[in-house]
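Participant: Okay, handing you the structure first.
Each reported figure results from applying straightforward, stated rules to the coordinates on display, with no laboratory input. Keep in mind that what you see is a predicted model, and the values were worked out from it rather than measured. We place every Cβ from the backbone using ideal geometry, glycine too, and count neighbours over all the protein chains shown.
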Amino acid sequence: MAGNSDVVAAPVPNLREPIGIPRHHIVLFSLLLAGLVVAPFVLYPVFLMKVLCFALFAAAFNLLLGYGGLLSFGHAAYFGMASYVSAHAAKIWGLTPELAILSGTLVAAVLGLVFGALAIRRQGIYFAMVTLAFAQMVYFFSLQAPFTGGEDGIQAVPRGHLFGLFDLSRPEPLYFFVLAIFFAGILLIYRIIHSPFGQVLKAIRQNEARAVSLGYHVNRYKLTVFVLSAALSGLAGATKAIVFQLASLTDVYWAMSGEVVLMTLLGGMGTVFGPLVGAAVIVTMQNYLASFGDWVTIIQGAIFVIAVLLFREGIVGVIAKWTKKPL
Amino acid sequence: MFELIGIPPQALFGQLLLGLINGSFYAVLSLGLAVIFGLLNIINFTHGAQYMLGAFVAWMLLNYLGIGYWWALLLAPLTVGLLGVVMERLFIRRLYHLDHLYGLLLTFGLALIITGIFKQQFGVSGLPYSAPALLSGGYNLGFMYLPVSRAWVILASAIVCFGTWFVIEKTRLGAYLRAATENPTLVGAFGINVPLLITATYGFGVALAAFAGVLAAPIYSVNPIMGENLIIVVFAVVVIGGMGSILGSIITGFGLGLVEGLTRVFYPEGSAVVVFVIMAIVLLVKPAGLFGREI
């Protein structure tokens, strides 16, 4: 994303960034955690868990787009395939939920490694088209493979007992389990962004030729961030399958890939908190507009057009500009 | 009659014919994408929706105004192409100075809006569109039966593909176009209206998609999601062909249709993914595509 998406770093060159964590980030993370601990007592927990799963998915996607500068249009492949694998592992193999989620994540990582290695051979829009085509391959596989249940998907997935101890069929343990996964995922992404690896990624995004001339193996960095993003998307998808006890074609269909792009774009690409806000807005909108049928698609399309034409920094990007602080 | 590796020749040639028809659609659509990409540097994600629009305009012309297939072949691309011109003027124009990815995202959003509106109005079940009387019947070629309507699709798309190739590669207008893709500023300095050229090119590319839609209307049922899955296969075709050359997209389009048909004979389960598998192999061996220039 040439330059203009990097609104966050533009106003003040923040030299301290790689050394320490900015204080307002610690405050925001604490507020986020505190809010999410209180939230299930105020809001419907299943809705909150849906938001958390999609927020993690969007954050994982943003790691690739916002920091790696790589627009994948096929992230539903990792999200959806992981949800199938974890649903299958929990239901047919009878694995405990943590192992089921782990196996889903692992499969997503391997898939990301194979597709990523091929896709990074092309750049820009070609890269986007290649990732989309691969995802469609996964979709047709999911439609035909015997273990995915075709049009029906895998239903009635047992939630099981976490570590054999906590009964996840009760809402409270389930919510805090999902919250723990979400928060660990977000912190990991934050750590990756602010590591030396993340700095090199930013350098590659801003000027690939210069990064090459500095001696970085650019493709190795791109592939690594692709696999990390795929694995974390898989983590989100696998968790969603356990929470909703369902893995279906919706999660591998390319509309899902579009949705995660929209969440990231609306919230603010290349910001830490943007994808979380974007996911919350979109999931809320879908929940409340569900009865309007296809209007949801039309409104999502309109948000896409408005965001691209007038609002490229996204919600959090605009706030970051006002407060002059990287968010 | 002879048999080919246990496959009756009727079935083999039947599938090859179906493959060739699919290939015709791939060729016209990827040609439209290539024409637009060449001058605007934008992957037109709305292409699938515009293909669907072409079919719907043909259907509306017949059902609301009583205008038949032959006029629809002319009127529908014209209408949808004009709509494309409006889209380019209103939206796409504002993105040329930005990263190409924003063009992809914008056209994706527009596709969602158009598809959503038609789903809202017509539902996802298909509407029938009857073929004109002239296209009924068929020829017996001895080894297979060739319906006229199918032969017409292949012939029509071949003519349109050849015509487009001829205009771009062999005429003065095409020379301006090719020059403008290389260096728009310089071409503008020669007194050629480059923004107009760009708008017209987008309109023409969109009209190609709509033309394919009209051709598809009597063969498949007309429905709002008819372009959704097709366009992604076309993207794969584009990656395989390499987008660099007009001829490349035509040859790759027809060729991959045939390959798909063959796969449906020998390994039916693989027919939906064979194009993507070929894409993976091509990416491994020749990342720029079969006819593409290295970028």
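Participant: For segment A:160-175, enumerate the residues that are aromatic (Phe, Trp, Tyr) and within 12 Å of A:Val243 (Cα to Cα).
Facilitator: Listed by number, the list holds a single entry, A:Tyr175.
Participant: So, one more: Working only within segment B:101-146, note down all residues that are within 7 Å of chain A (Cβ to nearest Cβ) and either surrounded by fewer than 22 Cβ atoms within 10 Å (Cβ to Cβ) or in a loop (DSSP other than H, G, I, E, B) (or both).
Facilitator: Matches in segment B:101-146: B:Ile113, B:Ile117, B:Lys119, B:Gln120.
Participant: Using the structure shown, decide if A:Leu174 is among the hydrophobic types (A, V, I, L, M, F, W, C) and more than 18 Å from the chain's Cα centre (by Cα).
Facilitator: Answer is yes for this residue.
Participant: Tally the residues that are under 25 Å from A:Phe61 (Cβ atoms) and buried (at least 18 other Cβ atoms within 10 Å of the Cβ), restricting the search to segment A:142-186.
Facilitator: Total satisfying the criteria: 14.
Okay, residues lined up against (1) out of contact with any Leu (no Cβ under 6 Å at 6 or more places or on another chain); (2) surrounded by fewer than 24 Cβ atoms within 10 Å (Cβ to Cβ); (3) of a type in the set (A, V, I, L, M, F, W, C); (4) more than 14 Å from every other protein chain (Cβ to nearest Cβ):
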{"residue": "A:Ala59", "(1), (2), (3), (4)": "yes, no, yes, yes"}
{"residue": "A:Leu65", "(1), (2), (3), (4)": "no, no, yes, no"}
{"residue": "A:Gly69", "(1), (2), (3), (4)": "yes, no, no, no"}
{"residue": "A:Phe79", "(1), (2), (3), (4)": "yes, no, yes, yes"}
{"residue": "A:Gly94", "(1), (2), (3), (4)": "yes, yes, no, yes"}
{"residue": "A:Pro97", "(1), (2), (3), (4)": "no, no, no, yes"}
{"residue": "A:Val110", "(1), (2), (3), (4)": "yes, yes, yes, yes"}
{"residue": "A:Thr131", "(1), (2), (3), (4)": "yes, no, no, no"}
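Participant: Assuming A:Ile154 fulfils every condition listed in (1) of a type in the set (Val, Ile, Thr); (2) within 14 Å of chain B (Cβ to nearest Cβ); (3) touching a Phe, Trp or Tyr at 6+ places or on another chain (Cβ under 8 Å) apart from one, which condition is it?
Facilitator: Evaluating A:Ile154 over (1) of a type in the set (Val, Ile, Thr); (2) within 14 Å of chain B (Cβ to nearest Cβ); (3) touching a Phe, Trp or Tyr at 6+ places or on another chain (Cβ under 8 Å) leaves (2) as the failure.
Participant: Also, I was wondering about something else. It is to be established whether one or more residues within segment B:76-94 are surrounded by fewer than 24 Cβ atoms within 10 Å (Cβ to Cβ), of a type in the set (Phe, Trp, Tyr) and assigned to a helix (DSSP H, G or I).
Facilitator: no
Participant: Are any residues in segment A:273-327 of a type in the set (Gly, Ala, Ser), within 21 Å of B:Phe118 (Cα to Cα), within 14 Å of chain B (Cβ to nearest Cβ) and assigned to a helix (DSSP H, G or I), and if so, which ones?
Facilitator: Passing the criteria: A:Ser291, A:Gly301, A:Ala302.
Participant: Another question, if that's okay. Say whether the condition of being touching a His at 6+ places or on another chain (Cβ under 7 Å), more than 14 Å from chain B (Cβ to nearest Cβ), assigned to a helix (DSSP H, G or I) and surrounded by 21 or more Cβ atoms within 10 Å (Cβ to Cβ) is met by at least one residue in segment A:220-240.
Facilitator: Yes, segment A:220-240 contains at least one residue that is touching a His at 6+ places or on another chain (Cβ under 7 Å), more than 14 Å from chain B (Cβ to nearest Cβ), assigned to a helix (DSSP H, G or I) and surrounded by 21 or more Cβ atoms within 10 Å (Cβ to Cβ).
Participant: Going residue by residue through segment B:222-244, is there one that turns out to be of a type outside the set (S, T, N, Q), in contact with a strand residue (DSSP E or B) (Cβ under 6 Å, 6 or more places away or on another chain) and touching a residue at least 60 places away in the same chain (Cβ under 8 Å)?
Facilitator: Yes - at least one qualifying residue is present in segment B:222-244.
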